[in-house]
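Report on the following structure.
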Amino acid sequence: MSLPTSWAYWRNVCRTETVRISSAGSSLNALDEAARDQSAGTDSCTSPDDRALPSQTSPGSRQFKRMPSILTTQCNARLSIIGAGGHARVVADAARASGRWDDIEFYDETFGQERDSGGWPIVGTLDHLLQQTPSPGHQVIIGSGDNHRRRALQTRLQEACWDMATVIHPSAIISQNCAPGAGSVVLAGAIINAGAGIGDAAIINSGAIIEHDCRLADAVHVSPGAVLCGKVRVGCLSWIGAASVILQTLKVGQQSIIGAGAVVINDIPDFSVAAGNPARLISTQARAA
Ligand SMILES: CC(C)(COP(=O)(O)OP(=O)(O)OC[C@H]1O[C@@H](n2cnc3c(N)ncnc32)[C@H](O)[C@@H]1OP(=O)(O)O)[C@@H](O)C(=O)NCCC(=O)NCCS
């Protein structure tokens, strides 16, 4: 049966007449290398200031265009999760709880040695997925907590015209005007309040609170129980540790790490690690995982 598909899918199909995916160069190792290269200082990150996330309801905005992808995905659709580790299983649970996908499966390098992970079937490797032609109703998402790896894999899949899912656990509370970006997950009990913007490939983990008007760039991970007070900005690929608090209006730069339990009371520069209460810089050469 042919299912309605998303705006994002058909946009990609229009751009690329024929989808021909070579398995050469598509291995996870190659992607890891690409991620490492990106983190070496020439990253194409834009800061939240540079890449202001528009208010979500304005016509023509990025979020507005993404809406059809969320609204037109039907039950009976298929979700392929890249990875089969702990985070991938959490994403699978959230996807199942949302009721938006009937078929949920893993693609992982352990295919051949493992048949399933936590009861979810492992049906192939990433290369197996990339050898398929994207089809209506079939979405993918990256089940990795490593920010660089997640972004590199997402870029590779989008270049191959795959439609990235956005997975939202039904117990998450999200302001009606907020549409987390493609490939993002919002897990159980998380709260995202009015005016907040969440980029692509982000993880808003269990019980995290993103207060009003926060701006999170692409591939950010906010760990369980972290609290971002109002108007906080977080640069791409940064990792906010579990149960940390970032006071209102502060800025965390790109590819930085905030330690578990930290209370951040000052801006944190790019590529830094900060921890403690009050948070102090413990490194200025971070590579956020
Ligand atoms: C901040 C963090 C990334 C540092 O890791 P690291 O680079 O391996 O640092 P180390 O363990 O070598 O510690 C370096 C110093 O920072 C201190 N430190 C590390 N983490 C700290 C934290 N969360 N709070 C306070 N101090 C911390 C250590 O005590 C050590 O101090 P010392 O030099 O005086 O002995 C890590 O400890 C952390 O908090 N990670 C977040 C974990 C998390 O939230 N997981 C959720 C996953 S969903």
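Each value in this text was obtained by applying a stated rule to the coordinates, not by laboratory testing. Since the structure is predicted, the reported quantities are computational estimates derived from the model, not experimental observations. Because the Cβ atoms are built from the backbone with ideal geometry, glycine has one as well, and the counts that use them run over all protein chains shown.
Quick check on region 166-289: of the DSSP beta bridges with both residues there, what percent are antiparallel, nearest 5%? Don't skip to the end; give the middle numbers.
Details: 3 of 32 bridges.
Within region 166-289, antiparallel bridges account for around 10 percent of the total.
Name the long-range amide H neighbours of VAL273: under 5 Å, sequence gap of 5 or more, or other chain; modelled H, no Pro or chain starts.
For VAL273, whose amide H was placed from the backbone, the distant partners under 5 Å are ILE257, ILE282, SER283, THR284, GLN285, ALA286.
Beta carbons within 10 angstrom, averaged per residue: use that to sort the peptides 178-185, 256-263, highest first.
Numbers: 178-185: 25.9, 256-263: 21.6.
Most protected by this proxy first, the peptides run 178-185, 256-263.
For region 262-278, just list the computed ³J(HN,Hα) in residue order, Karplus coefficients 6.51, -1.76 and 1.60, θ = phi - 60°, integers in Hz, with x standing in for Gly and Pro.
Taking θ as phi minus 60°, the curve returns 5, 10, 8, 10, 9, 4, 10, x, 4, 6, 10, 10, 10, 8, x, 10, x Hz for region 262-278.
For region 125-138, what does the Karplus curve 6.51 cos²θ - 1.76 cosθ + 1.60, with θ = phi - 60°, yield as ³J(HN,Hα) per residue in whole Hz, taken in order and with x for Gly and Pro?
Taking θ as phi minus 60°, the curve returns 9, 4, 4, 4, 5, 5, 7, 8, 8, x, 10, x, x, 10 Hz for region 125-138.
Arrange GLU105, GLU114 by Cβ neighbour counts within 10 Å, fewest through most, would you? Walk me through the numbers on the way to the answer.
On the way: GLU105 19, GLU114 13.
In order of increasing Cβ crowding within 10 Å: GLU114, GLU105.
Let me understand region 166-289 better: what is its radius of gyration from the alpha carbons, and its Dmax, in angstrom?
12.7, 38
Through the Karplus equation 6.51 cos²θ - 1.76 cosθ + 1.60, θ set to phi - 60°, convert the phi angles of region 226-234 into ³J(HN,Hα) values in whole Hz; use x for Gly and Pro.
For region 226-234, the Karplus curve yields 6, 10, 9, 5, x, 6, 6, 10, 10 Hz.
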